[in-house]
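Worksheet: the structure to be examined is printed underneath.
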RNA sequence: GCGCUUGUAGCUCAGCUGGAUAGAGCAACGGACUACGAAUCCGUAGGUCGGGAGUUCGAAUCUCUCCAAGCGCGCCA
């Protein structure tokens, strides 16, 4: 909000410098504006003069002088401009500009922080994509939180987002699932004769078996299945089991407030003939060959370290063939961008999927689709690591976590660190609703502001109906300025978060904002005998609350008015 | 052995895409409520940015090389 006009000022100054002959013509690097770590160096600084020193063959400080002398600050954005150190240009923003920024925040209201940068173009975000072989666990939770936040960030920057969930409803894992349920139907326990190799041992398998025998009906998001109740009908068991688990996962996602626009079933790629089509197309393009009774794709031609089997000697396809078919389908549905959010344990699929898409020769860009990988979550309970094993049935489910910790805290914890760093989830700490928990820290800030508004209302002040233009000039204390500076940074933080798929930047921003509010609160009284100061501060806090709500909304976290 | 990711204060982590004196929260110690929510604030202490070399005006950030951890490296998904 301040940064952009500043960049424009510098760019215009460069242009004027060229016109007057003081600077050499040519292309300039993009103007970068940074925030100095030392506040004495101004509100913003620019290093363009040092970057140009070589090209202009002039000392950076002289270039900086030329730029400064050509700056036309007609809107009185700047208090002063200085050259410092080796050639930094330090900008000191006028109080007037910070104060006026508040008026702009009020004007933009709920849309402040958002932008139209994506121009309404279509982007698909695929995430979670858990197979229906068990409830969602804590790892899926991280994927759900990151995927949903990134989707919201993309929406906030003007993209038309489709949230998509892909699941494997065929194949070996599902066969195992069906066999496990069947064994339970027949009263076979894990380890006993007749228990399937690699069977799923969790309690939920037993539950599905008894529901099946009781001929229950299951309604999942995309399926309506009535149990046959016949323990010998493996196909009926498979369909019932998948639907049952889909229903459970739907409920988990709903509890987490994560919704999907499209569910794609792997089986549909076969039934629509897409898998066969892809295999044929790859063969026709000369990228496949037969060896050892199998059909191979020459992925080494596209950067892989070895070729991969497409069709096994038993005639079935390996998982990555439907994956390619699925992504071709995404492309043909018109998504110029696709973001796949998944666990980093699947990172080896990236090369294969992209290789397959390149081999199809459809003109799909090499870097398409984009991938966003998150590292593993380790769960600590009682100071010990909880081992996650789906087959043994011992793991923390997402549902347990939400029930114990609360949806907002779980979401916040999952996104507060950059996705590619491992996450230690300390259950005991997260359950403890203490101030160590950063989500309480910032929700408290919002609740505290709302509480001030209530008090103000009791004294006849309506924080929502203050004429900002009349009072903002009273806002000039260091604490007030600190808040104003942070507020106007929101659009930049949102666009950077979205561009890099880094929701944690926004959580960090919110923690900073909460901190500067709490500092202000402890230092200054909002409601006082001085009505002009009171009105000005209420006006400032009204904008602050707005920014909390806008930013928390982009993260899918609530902004409670009391706690 | 190869690939991806990570390594920053005692612990958990930031560090705005190469900028100026590396930051925050916990934990430790010392302070602040007879007024708007003390779920808060202020102060003190705490560092070889894993080690080494290189690139340049300038490196936690880029390159190379070691060391350590996690995850991959199936005719599993």
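The lone criterion from (1) in contact with a helix residue (DSSP H, G or I) (Cβ under 7 Å, 6 or more places away or on another chain); (2) within 30 Å of residue A:111 (Cα to Cα) left unmet by residue A:6 is number (1). Can you confirm whether region A:109-116 contains a residue that is in contact (Cβ under 8 Å) with a residue 12 or more places away in the chain, within 19 Å of residue A:263 (Cα to Cα) and assigned to a loop (DSSP other than H, G, I, E, B)? So far as region A:109-116 goes, no, none of its residues is in contact (Cβ under 8 Å) with a residue 12 or more places away in the chain, within 19 Å of residue A:263 (Cα to Cα) and assigned to a loop (DSSP other than H, G, I, E, B). Restricting A:56, A:82 to residues that are near RNA strand B (Cβ under 9 Å from one of its atoms) and surrounded by fewer than 21 Cβ atoms within 10 Å (Cβ to Cβ) narrows the list to A:82.
Given the criteria surrounded by fewer than 18 Cβ atoms within 10 Å (Cβ to Cβ), more than 9 Å from RNA strand B (Cβ to nearest atom), assigned to a helix (DSSP H, G or I) and at negative phi, does residue A:24 qualify?
no
Of the helices (runs of 4 or more DSSP H) lying entirely inside region A:407-479, the ones with 2 or more residues being more than 12 Å from RNA strand B (Cβ to nearest atom) and touching a residue at least 24 places away in the same chain (Cβ under 8 Å) are found at A:407-415, A:427-431, A:468-471. Filtering region A:513-563 to residues that are under 28 Å from residue A:419 (Cβ atoms), within 8 Å of RNA strand B (Cβ to nearest atom) and surrounded by 15 or more Cβ atoms within 10 Å (Cβ to Cβ) leaves A:514, A:515. Number of residues in region A:122-154 that are more than 18 Å from the chain's Cα centre (by Cα) and over 24 Å from residue A:420 (Cβ atoms): the value is 4.
Would you be able to say whether some residue in region A:172-192 is surrounded by fewer than 18 Cβ atoms within 10 Å (Cβ to Cβ) and touching a residue at least 60 places away in the same chain (Cβ under 8 Å)? Yes, region A:172-192 has at least one match. Looking at A:359, A:291, A:301, just one residue is away from RNA strand B (no atom under 14 Å from the Cβ), exposed (fewer than 15 other Cβ atoms within 10 Å of the Cβ) and over 25 Å from residue A:500 (Cα atoms), and that residue is A:301.
Filtering region A:124-174 to residues that are more than 14 Å from RNA strand B (Cβ to nearest atom) and on the phi > 0 side of the Ramachandran plot leaves only A:158. Inclusion of residue A:488 among residues that are modelled with pLDDT of 95 or more, over 24 Å from residue A:561 (Cβ atoms) and within 13 Å of RNA strand B (Cβ to nearest atom) is warranted. Counting the residues of region A:59-70 that are crowded, with 16+ Cβ neighbours inside 10 Å and within 16 Å of RNA strand B (Cβ to nearest atom) gives 7.
The values are calculated or read from the model by the stated rules, or taken from the named source; none is laboratory data. Source: prediction; values computed, not measured. Cβ: placed from backbone, ideal geometry, glycine included. Neighbour counts: every protein chain shown.
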